[in-house]
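**Q** My questions will all concern the structure given below.
The values are calculated or read from the model by the stated rules, or taken from the named source; none is laboratory data. None of the values given here were measured: they were computed from a predicted structure. A quick note on method: Cβ atoms are made from the backbone with ideal geometry, for glycine too, and the neighbour counts reach across all protein chains shown.
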Amino acid sequence: MNKRVGILISGRGSNMRSLIAAASEPGFPAEIELVISNVGNAPGLAYAASADIPTIVIPHKAFETREAFDRALDTALTNAGVEIVCLAGFMRILSDWFARRWEGRLINIHPSLLPLFKGVHVHEQVLQAGVRVSGCTVHFVVPELDAGAIIAQAAVPVEIGDTPETLAARVLAEEHRLYPAALRMLAEDRVRLEKGHAVFSPAA
Ligand code: GRF
C-alpha cells in the first residue's frame, strides 16, 4: 500500500513539485494527498491544484498560539488520512507538540550539510564561513530546529565567485533529486527513527 503524504509549504514549492513528480511515477511508494500552506498566495499552491492535488490554506496569523495553529494543521492532515508529512520550504517553526505527535513521520529538507549552517540565510552563512563544499540534508523533524536525525545528504562544490544565489541554485538541483529519494526510503520503511537516531534497513 502506498503511503499517504501531506506536504507543507510557504512559498514557491519547487521541492513540492519534485515530490509530486516522483509520486506520479509508477512504482513510487507514496501518494501526495494534500498540500497545506500557511501563506494564502504561495505560488506552489497553484501548481499543486493544477496537478489535481487538494490544497488547504491555514493562515498562521488566524491563531493566537503556535500550538493552536499546529492543531489545525494536524486536524487537516489527519482528516486526509496522511501518514507522512514533508516540510518543503515551510517557514514556520512547529511546536514541540506537533513534532512529537508526528515523530518519525515528519521530515524536512534543509539546504546545507547539517549539522552545519542551521536556520535561515543558509547560503550566506556558508559563503561567510568559506567552506568549499556545501549541500543539502533530509532529516527527521524533532522539536529542536534543524537537529533531527539525518536520512540523506548530497554534497555540491562551492565555486570560486559564488553568490548566495548561484550556490542556492546548485544546491536546489540536488534537493530536487534527494527529497524524493529520501521519501521513498521512509515510505518503504527502509529508514526509521529510533531513540533519536536514523536506523536503516535494506529494501524488502
Ligand atoms: C529550499 O532551499 C529548502 O531546502 C528550504 O527552503 C527552500 C524551499 O524552496 N527549506 P522551494 O519552496 O521548495 O522551492
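**Q** Out of H110, H121, report the one residue that is surrounded by fewer than 22 Cβ atoms within 10 Å (Cβ to Cβ), within 12 Å of the ligand (Cβ to nearest atom) and modelled with pLDDT of 95 or more.
**A** Numbers: H110 fails: surrounded by fewer than 22 Cβ atoms within 10 Å (Cβ to Cβ).
Just one listed residue meets the conditions, H121.
Yes/no matrix, rows are residues, columns are (1) modelled with pLDDT of 95 or more; (2) away from the ligand (no atom under 16 Å from the Cβ); (3) hydrophobic (A, V, I, L, M, F, W, C):
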| site | (1), (2), (3) |
| --- | --- |
| N2 | yes, yes, no |
| G6 | yes, no, no |
| A30 | yes, yes, yes |
| G40 | yes, no, no |
| P43 | yes, no, no |
| A51 | yes, no, yes |
| T75 | yes, yes, no |
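**Q** Here is a follow-up. Of all residues being hydrophobic (A, V, I, L, M, F, W, C), within 12 Å of the ligand (Cβ to nearest atom) and in contact with a strand residue (DSSP E or B) (Cβ under 9 Å, 6 or more places away or on another chain) in segment 152-181, which is farthest from V126 (Cα to Cα)? Just the residue, please. Step through it out loud before you land on a result.
**A** In the first step, residues of segment 152-181 are kept if they are hydrophobic (A, V, I, L, M, F, W, C); the result is 152, 154-156, 158, 160, 167-169, 171-173, 178, 181.
Narrowing further to those that are within 12 Å of the ligand (Cβ to nearest atom): 154, 167-169, 171-173, 178.
Next, from what is left, pick out any that are in contact with a strand residue (DSSP E or B) (Cβ under 9 Å, 6 or more places away or on another chain): 154, 167, 171-173, 178.
Numbers: A154: 15, L167: 9, V171: 12, L172: 15, A173: 17, L178: 20 Å.
Of everything passing the filter in segment 152-181, L178 is farthest from V126 (Cα to Cα).
**Q** Name every residue in segment 161-204 that is outside any helix (DSSP H, G or I), basic (K, R) and farther than 21 Å from F28 by Cβ, in order of residue number.
**A** Just the residues of segment 161-204 that are outside any helix (DSSP H, G or I), to begin with: 161-163, 188-204.
Now drop any that are not basic (K, R), which leaves 190, 192, 195.
Scanning segment 161-204 gives a single hit, K195.
**Q** Give the residues of segment 84-103 that are crowded, with 18+ Cβ neighbours inside 10 Å and assigned to a loop (DSSP other than H, G, I, E, B), sorted by residue number.
**A** Passing the criteria: A88, G89, F90, L94, S95, W102.
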